[in-house]
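Please read the structure below before turning to the comments.
No lab work stands behind these numbers, since they all come straight from the coordinates. Just so you know, these numbers come straight off a predicted model, no measurement behind them. FYI the Cβ positions are ideal-geometry reconstructions off the backbone, even for glycines, and counts take in every protein chain you see.
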2 protein chains.
Amino acid sequence: MEAQTSTKPTAEKELFIKMVISNWELQNARVNKLISKLTDEELATPTAPGRNNGVWVLGHLIAVNDGMIPLLGLGEKLFPELEAPFVGEANKPGVATPPIATLKESWVQLNAKLTQYFTELPAEEWFTRHNSISPEDFAKEPHRNKLNILINRTNHQSYHLGQLIYLDKK
Amino acid sequence: MEAQTSTKPTAEKELFIKMVISNWELQNARVNKLISKLTDEELATPTAPGRNNGVWVLGHLIAVNDGMIPLLGLGEKLFPELEAPFVGEANKPGVATPPIATLKESWVQLNAKLTQYFTELPAEEWFTRHNSISPEDFAKEPHRNKLNILINRTNHQSYHLGQLIYLDKK
């Protein structure tokens, strides 16, 4: 019984983690498919009249997903320079944005890095506190753990994918 | 040690279920807030030129979320009549759609019913097979369980919320 006592919870956790990462990967695959289909001209078009264009949405997804690295205590952001142009209001005066080709490369690099981090993180770690909740609040709300951040960011990505898809006129 | 063996996995499961349901409720709250803000006229407007209007998106979310009831083996759909107008192509010839006021009521009723079902479902049940995966496939891919459907449908809702928000001009 001893072995079962110590391994069962970890097996459970590994299953949960697989569920969350699978859904994350599914959304990434959908974004990848769409981006590879759209021309740079289409990506530079507003997703709807008066709304953000595809470049902003892509930059925003990179900046926000990149933010998971420090938030989950995995390391430093790969692209801290994308925070200013792509988080908060779009088209801030005097804030330059990188070329589309650079953003597309950053997106691929970031996903490879996140996949590596997520794969290497021990199961137990996913259920610990992330860096934007206090130890006191976490003691009361243990569901607000690192894995919860990934569930939340997957939904955030789905939200913007629903907008990005409007650029697909084919 | 015996007690720990049997209770620890359930506590783990309950925590994980809470994470998934919390994210589902967060998306519901966002849709509710937006719907209560939009006029019927705004809801009847396309979310972007040539795209579905808010009424279709709302009807689609009700129909798809309602589909979880039989899929998870919880019971029968509350609004089976919404499948024809709101799943698949929009504006099918000869397919009538209910008035906006009726849809808004159905949305509230459905969420109350889903909340009840989700709360009452035993933790162990969430990790069992749903009705669109075969026992053979489930044996190989146990992460494709009932709870995984809720993660997936939460992302589906986020995707469409990203479109619905375009009706908010204020």
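Averaging the Cα positions of each part gives two centres, and for the stretch B:28-72 and the stretch A:25-66 these lie 23 Å apart. At q = 0.09, 0.19 Å⁻¹ the log10 of I(q)/I(0) for chain B amounts to -0.36, -1.25, computed by Debye summation with a single uniform scatterer per C-alpha, solvent ignored.
Sorted from shortest to longest, the distances between the B:F138 label points of this copy and the other copies are 3.5 nm, with each point 7 Å from Cα along the line through the beta carbon. Remark: the Cα gyration tensor places the protein assembly as shown in the oblate category, a/c being 1.5 or greater and a/b not exceeding b/c.
Each Cα pair under 8 Å and six or more residues apart adds its separation to the average, and for chain B the resulting relative contact order is 32 percent.
Any idea what the A:E89 label distances to the other copies are, label 7 Å down the Cα→Cβ vector, nm, shortest first? Output for A:E89: 4.4 nm, nearest copy listed first.
Rounded to the nearest 20, the size of the Cβ-charge dipole of the stretch A:90-170 about its Cα centre is 400 debye, with Lys and Arg at +1 and Asp and Glu at -1.
Considering only A:L147, A:T39, A:G67, and ranking their Cα positions along the charge dipole of the stretch A:24-167 that arises from unit charges at the beta-carbon of Lys, Arg, Asp and Glu, the one farthest toward the positive end is A:T39. Take A:P70, move 7 Å from Cα toward the beta carbon, and the resulting point lies 5.0 nm from the same point in each other copy, nearest first.
Within the listed set A:S134, A:S22, A:S106, the residue fluctuating most in the Gaussian network model of chain A (springs between alpha-carbon atoms under 10 angstrom) is A:S134.
Work out the P(r) tail for the stretch A:54-134: percent of alpha carbon pairs separated by more than 18 Å, whole number.
Details: 1435 of 3240 pairs.
Considering the stretch A:54-134, 44 percent of its Cα-Cα pairs are separated by more than 18 Å.
Using just its DSSP H runs of length 4 or more, each adding -39500 (n - 2.57), chain A gives a mean residue ellipticity at 222 nm of -20500 deg cm²/dmol after division by all residues. Once the convex hull of all Cα atoms in the stretch A:15-77 is built, its volume per residue stands at 107 Å³.
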